[in-house]
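Bear in mind these aren't lab numbers, they're just calculated from the coordinates by the rules spelled out. All figures in this text were calculated on a predicted structure; none of them were measured in a lab. Glycine also receives a Cβ, built like all others from the backbone with ideal geometry; neighbour counts cover every protein chain displayed.
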Amino acid sequence: MRHLPRGVKKADYARRDFFDAWLPELAPSAPLVKFMLEDPDDSARWKRFEAKYRREMARPERRRLIATLATLSESADFSVGCYCENPARCHRSILAALLRDAGARVTGP
């Protein structure tokens, strides 16, 4: 059994595939997710979340992964998914900016 991302129940995963590959290194840490979920509509909290998530993604191993994905985007299409309802208040919007900054070909938000 694969390890599953937060939000995917084993019973749901058994019925259908939600993803081809899961890169938990690109997800915010559990404490950071908890911090944001305490008040997801608070704009000041979102700005702090973004700064903290960017710091997490600045770790060398995560920068290398982002650079690898940026290189991959030159010759292959892939999608980044999440279970947040509002993409503007989801780490994937920040991740898209980080990928763009690394030279990735990004379409969408």
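Fewest first, what order do S73, S43 take by the number of other Cβ atoms within 10 Å?
S43, S73
Among L37, L99, rank each residue by its count of other Cβ atoms within 10 Å, from fewest to most, as a rough exposure measure.
The most exposed by this proxy come first: L37, L99.
Starting with the fewest neighbours, write out I66, I94 ranked by other beta-carbon atoms found within 10 Å of each beta-carbon.
Placing the least packed residue first, the sequence is I94, I66.
Given points 7 Å out from each Cα along the Cα-Cβ axis, report the E50 to R62 separation in nanometres with one decimal.
1.6 nm
Can you pull the Kirkwood radius for region 27-101, inverse mean 1/r over Cα pairs, to one decimal in Å?
Taking the inverse mean of 1/r over all distinct Cα pairs, region 27-101 comes out at 13.1 Å.
Along region 43-48, what does the Karplus equation 6.51 cos²θ - 1.76 cosθ + 1.60 (θ = phi - 60°) give for ³J(HN,Hα), rounded to whole Hz, x for Gly and Pro?
For region 43-48, the Karplus-derived couplings read 5, 5, 5, 4, 4, 5 Hz, x marking Gly and Pro.
Run the quick spin-label model on E74 and S43: label points 7 Å from Cα toward the beta carbon, then report their separation in nm to one decimal.
Inter-label distance under the simple model: 4.0 nm.
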